[in-house]
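In what follows, a structure is listed as structure tokens, so that the remarks can point back to it.
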Amino acid sequence: MLNWIDQRVPVRFVAFFAVVALWVLSALQLVVGQASFLWVLLLTGLVALGVYDLQQTGHAILRNYPIIGHLRFLLEFVRPELRQYFIEGDHDAVPFSRSQRSLVYARAKGQTDKVPFGTQVDVHALGYEWLTHSISPSVIASHNFRVQVGGAQCTQPYSISLFNVSAMSFGALSANAVMALNLGAKKGGFAHDTGEGSISRYHREHGGDLIWEIGSGYFGCRNDDGTFNAEKFKKNALSPQVKMIEIKLSQGAKPGHGGVLPGPKVTPEIAEARGVPVGVDCISPAAHSSFSTPTQLLQFVQSLREMSGGKPVGFKLCIGHPWEWFGIAKAMTTTGILPDFIVVDGSEGGTGAAPLELTDHMGMPMLEGLRLVHNTLVGLNLRQHIRLGASGKIISGFDVLRTVALGADWCNSARGFMFALGCIQAQTCHTGNCPTGVTTQDPKRQIALVVPNKSERVLNFHRHTLESVQELLQATGLSQPSDLSLKHIMRRMSDRDVKNLDSLMPSVAPGSLLNSYNLTGLFEQYWADASADQFQLKASAE
């Protein structure tokens, strides 16, 4: 019954229509002297407000929820008195606190991101981290930090921004959200990862740089039986808009888990982008069918690089069994085939809906996973040939610099850019009822997300975040992000114990894994028994 009503008179408009009906009734009563003029005047103002809400383009909440949507902004206004005592504190809500969301909103809207009266963070709490500063700050000319991606086996290297849009598929995001992200990326000169749902018409609308992510379903380059199709791959990969190609081995939201998009949700537009039948269950297997060993994975990387005309090709993974990553690393040394880049996704990633157990307890967090990958490449003398990206709750300038200090060359953000689009963390992404039109395929809801307006917010968020990176780097006395190391990041371990991250996540000596010299930790446990010929441990170690 509710769906039937929503198709004709959307439930979210009920408050507006109720006010209109009350206004009409009261106006008629006023004519016969049975209603107060002030009451009718008040209702007239509310009707005018609702009409304005439906026409304005700045707030998706108000376009989708005229009149009643103002209650949210009222709570924003009275937050020091009301919310502080009765609702939530600035640092209470998860996965992102109110202060984190407010930072993104302010930067996206071009408002001040300055805060008064000192920090609200408990600087004496265990785990508190800070960046050390210099008495002799530096001066950096520009915030436009970029990294060249593409090794010796790549003929079309790409200069990527330090901060980019992480993988989110069309289908998970609305068409308007995809277009706003891509237009913002076009304006700001940063990259937009397609997610494994492939390249839709909305990714192509504005021509922003794309990282084409290829998952186990091979969407956009698949045969009818779900296997890889080389000719379809070439057609997409050779597009000038596609700058890099990323093989998704696993993602932080649900590592080691496939997925199914139910047939009723496979619209003609989604089917067109993915190369699947309309209205039929769209399956993403848990594992790839094009390779089954570390060596075959790297051979697949090489073949995609050749078929794309020499564009950078790499893979993304959330670290699971460390010996599987070690096997891939060993295969690099035995085959001589190197990916141009690796993106480390943390288990804290979460734009994809997943069972609670996978979300909470599967996969390695980004900080530990990134450090493991970085140290492994250093230990094999390969780090200088392979670029590292990272994603996992990165939204502030400090998040970016801490991630770079751990070993990343660039960072990706998914939920940060969703906030820039207007996401309010309603956590209804998987229901189709997103109140801001970001994660819905309902055309009535997503029309509230106005592409030109939101693309400017995407651009602003990117620019102001990198400006904060510039300010922090200058305060440290450094001249570029690559100068940063873990010795610049401090963490409180107890009331009397403070350590820099280099002592907590020690570096590996260059080349040490080539001769298995002085190994510790996971390297000591699993390096010797990892294999380039299989993802499993050698039988002797099992």
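Can you tell me which residues in segment 309-323 are out of contact with any Leu (no Cβ under 9 Å at 6 or more places or on another chain) and either of a type in the set (Lys, Arg) or at pLDDT 95 or above (or both)?
Matches in segment 309-323: 310, 312, 314.
Residue 455 fails exactly one of the following numbered conditions: (1) touching a residue at least 24 places away in the same chain (Cβ under 8 Å); (2) surrounded by fewer than 19 Cβ atoms within 10 Å (Cβ to Cβ); (3) part of a helix (DSSP H, G or I). What is the number of that condition?
(2) is the only condition that residue 455 fails.
Condition check ((1) part of a loop (DSSP other than H, G, I, E, B); (2) touching a residue at least 60 places away in the same chain (Cβ under 8 Å); (3) closer than 28 Å to residue 343 by Cα) across all residues:
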{"site": "117", "(1), (2), (3)": "yes, no, no"}
{"site": "121", "(1), (2), (3)": "yes, no, no"}
{"site": "125", "(1), (2), (3)": "yes, yes, no"}
{"site": "134", "(1), (2), (3)": "yes, yes, no"}
{"site": "137", "(1), (2), (3)": "yes, yes, no"}
{"site": "144", "(1), (2), (3)": "yes, yes, yes"}
{"site": "147", "(1), (2), (3)": "no, yes, yes"}
{"site": "152", "(1), (2), (3)": "yes, yes, yes"}
{"site": "159", "(1), (2), (3)": "no, no, yes"}
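Kindly indicate whether any position in segment 491-506 is over 22 Å from the mean Cα position of the chain (by Cα), surrounded by 20 or more Cβ atoms within 10 Å (Cβ to Cβ) and farther than 12 Å from residue 131 by Cα.
Yes - at least one qualifying residue is present in segment 491-506.
Within segment 486-514, track down each residue that is in contact with an Asp or Glu (Cβ under 7 Å, 6 or more places away or on another chain) and either part of a loop (DSSP other than H, G, I, E, B) or among the hydroxyl-bearing types (Ser, Thr, Tyr) (or both).
Within segment 486-514, none qualify.
In segment 364-445, which helices (runs of 4 or more DSSP H) lie fully inside it and hold 2 or more residues that are assigned by TED's automatic domain parsing to the domain that holds residue 343 and surrounded by fewer than 24 Cβ atoms within 10 Å (Cβ to Cβ)?
Hits in segment 364-445: 366-379, 397-406.
Identify, from the list 516, 531, 512, the residue that is loosely packed, with under 13 Cβ neighbours inside 10 Å and not assigned by TED's automatic domain parsing to the domain that holds residue 249.
Of the residues listed, the single one that is loosely packed, with under 13 Cβ neighbours inside 10 Å and not assigned by TED's automatic domain parsing to the domain that holds residue 249 is 516.
Return yes when residue 4 is over 35 Å from the mean Cα position of the chain (by Cα), at pLDDT below 75 and not β-branched (Val, Ile, Thr) and no when it is not.
no
Could you tell me which of the residues 254, 243, 265 is in the same structural domain as residue 313 (by TED's automatic domain parsing) and at pLDDT 95 or above?
When all the criteria are applied, what remains is 243.
Of the residues 264, 240, which is loosely packed, with under 15 Cβ neighbours inside 10 Å and assigned to a helix (DSSP H, G or I)?
From the options 264, 240, the qualifying one is 264.
Select from segment 11-44 the residues that are part of a helix (DSSP H, G or I) and of a type in the set (Gly, Ala, Ser) and write down the one among them that is nearest to residue 66 (Cα to Cα).
So, considering only residues that are part of a helix (DSSP H, G or I) and of a type in the set (Gly, Ala, Ser), the one nearest to residue 66 (Cα to Cα) is 15.
Among the residues of segment 407-414, are any more than 30 Å from residue 260 (Cβ to Cβ) and of a type in the set (Gly, Ala, Ser)?
Scanning segment 407-414 turns up at least one residue that is more than 30 Å from residue 260 (Cβ to Cβ) and of a type in the set (Gly, Ala, Ser).
Among 200, 134, which is among the hydroxyl-bearing types (Ser, Thr, Tyr) and within 18 Å of residue 245 (Cβ to Cβ)?
When all the criteria are applied, what remains is 200.
For segment 201-223, does any single residue satisfy the condition of being assigned by TED's automatic domain parsing to the domain that holds residue 401, over 20 Å from residue 423 (Cβ atoms), in a helix (DSSP H, G or I) and over 20 Å from the mean Cα position of the chain (by Cα)?
Looking through segment 201-223, at least one residue is assigned by TED's automatic domain parsing to the domain that holds residue 401, over 20 Å from residue 423 (Cβ atoms), in a helix (DSSP H, G or I) and over 20 Å from the mean Cα position of the chain (by Cα).
Could you check segment 82-115 and list, in sequence order, the residues that are at pLDDT 70 or above and assigned to a helix (DSSP H, G or I)?
Listed by number, the residues that qualify are 98, 99, 100, 101, 102, 103, 104, 105, 106, 107, 108, 109.
Among the listed residues 174, 138, identify the single one that is among the polar types (S, T, N, Q), buried (at least 20 other Cβ atoms within 10 Å of the Cβ) and touching a Ser or Thr at 6+ places or on another chain (Cβ under 9 Å).
174
The values are calculated or read from the model by the stated rules, or taken from the named source; none is laboratory data. What you see is a predicted model, and the numbers here were worked out from it, not measured in a lab. Note: ideal-geometry Cβ built from the backbone for every residue, glycine included; neighbour counts use all protein chains shown.
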